[in-house]
1. Is it the case that some residue within region 26-37 is among the hydroxyl-bearing types (Ser, Thr, Tyr), at pLDDT 90 or above and surrounded by fewer than 16 Cβ atoms within 10 Å (Cβ to Cβ)?
2. Checking the conditions here, which among Lys69, Lys2, Lys39 is closer than 23 Å to Ile89 by Cα and either in a helix (DSSP H, G or I) or of a type outside the set (A, V, I, L, M, F, W, C) (or both)?
3. Give me the pairs: first residue in region 75-94 and touching a residue at least 12 places away in the same chain (Cβ under 8 Å) and under 18 Å from Pro22 (Cβ atoms), second residue of a type in the set (Gly, Ala, Ser) and outside any strand (DSSP E or B), beta-carbon distance under 6 Å, and six or more apart or on different chains, which are they?
4. Of (1) within 27 Å of Thr127 (Cα to Cα); (2) among the hydrophobic types (A, V, I, L, M, F, W, C); (3) crowded, with 18+ Cβ neighbours inside 10 Å; (4) without any contact (Cβ under 8 Å) to a residue 24 or more places away in the chain, Phe58 satisfies all except one. Which?
5. Is there a residue in region 100-111 that is out of contact with any helix residue (DSSP H, G or I) (no Cβ under 6 Å at 6 or more places or on another chain), closer than 20 Å to Ser4 by Cα and not aromatic (Phe, Trp, Tyr)?
Amino acid sequence: MKYSQQIGMVLALAVIAACWMPWVYIESKDIWVDGFHAKGTNFGRPGLFIAYTAGISFVLFLVNKIWAKRINVFIGSFAFAWSIRNYLILSACFAGECPQKQVGLYLMVVLSAIMMVMSFLPKIKLTA
């Protein structure tokens, strides 16, 4: 793809932005959980690691070397796996109460999946 690296960089920034959006709302405790703020829960900072991996992926999309593209496939896949992990943990029902999923949770998963796909499509010229 001609613009896969530019699209990947935009998606990496969008994944970081999705970490700041609300992910779930826990009604009984009146808590809004996003990637960096989960006060009152035992979730910690679930978006911190995906923000780091998206930042590293952004830098690797910029570097025009074959080793950077290979590492980016691993980092992009790891970011997608971590977003699936966050989705499963944060959207799970506890003690009969299910949190209300918000748009940020879905965006994080979808954007990281597309970012991973863009890492599979590097535009690099190989010399034989």
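1. No, region 26-37 has no match at all.
2. Lys39
3. Going by the 6 Å Cβ cut-off, the qualifying pairs are Ser83/Ser112.
4. Just one mismatch for Phe58, condition (4).
5. Scanning region 100-111, I find at least one residue that is out of contact with any helix residue (DSSP H, G or I) (no Cβ under 6 Å at 6 or more places or on another chain), closer than 20 Å to Ser4 by Cα and not aromatic (Phe, Trp, Tyr), so the answer is yes.
The values are calculated or read from the model by the stated rules, or taken from the named source; none is laboratory data. Just so it is clear, the structure is predicted and the values come from calculations on it, not from any experiment. Methodologically, a virtual Cβ is constructed for each residue, glycine included, from the backbone with ideal geometry; neighbour enumeration extends over all protein chains shown.
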